[in-house]
Amino acid sequence: MDEKQFKEITSRMDLIVRLLALNIVKDLKVQKDKIIALSSFGFGPSEIAKLLGTTPHTVSVTLSEMKKRAQKEEGQVVKTTQDTGPSVTAEQKATENKKTEEVKNG
């Protein structure tokens, strides 16, 4: 295979990948969701911008905002878990107490 054939095949494969990517996000209504989906498939901001008809800056800002939001939410979940400790239901506690009594009484 010569270089010309290789470039032609690469170009066609690129087109197929783009069409598949657009098909995946076609049902998503919000552009943020489309950006996140395409990013999760490995597309960079420039590629996403070309696919969605926007600018790489818009895509980068959206991804940055979503990353910050996810980190903030993750921090809140961790903080809540640390504050309250592991949650134990009343039933679990009663079962635990019963087992402790059984061990004591032999």
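Scoring Asp2 on the criteria (1) acidic (Asp, Glu); (2) within 18 Å of the chain's Cα centre (by Cα); (3) exposed (fewer than 11 other Cβ atoms within 10 Å of the Cβ) leaves a single failure, condition (2). Scanning segment 24-53 for residues that are without any contact (Cβ under 8 Å) to a residue 24 or more places away in the chain and of a type in the set (Ser, Thr, Tyr), which turns out nearest to Lys67 (Cα to Cα)? Of everything passing the filter in segment 24-53, Ser40 is nearest to Lys67 (Cα to Cα). Using the structure shown, decide if Asp83 is part of a helix (DSSP H, G or I), out of contact with any helix residue (DSSP H, G or I) (no Cβ under 9 Å at 6 or more places or on another chain) and either modelled with pLDDT of 90 or more or of a type in the set (Asp, Glu) (or both). Spelling it out, Asp83 is indeed part of a helix (DSSP H, G or I), out of contact with any helix residue (DSSP H, G or I) (no Cβ under 9 Å at 6 or more places or on another chain) and either modelled with pLDDT of 90 or more or of a type in the set (Asp, Glu) (or both). Taking each residue of segment 1-23 that is closer than 13 Å to Glu47 by Cβ and looking for partners that are at pLDDT below 90 with beta-carbon atoms closer than 8 Å, six or more apart or interchain, yields Ala21/Phe41.
The values are calculated or read from the model by the stated rules, or taken from the named source; none is laboratory data. Model, not experiment: these values are computed from the prediction. FYI the Cβ positions are ideal-geometry reconstructions off the backbone, even for glycines, and counts take in every protein chain you see.
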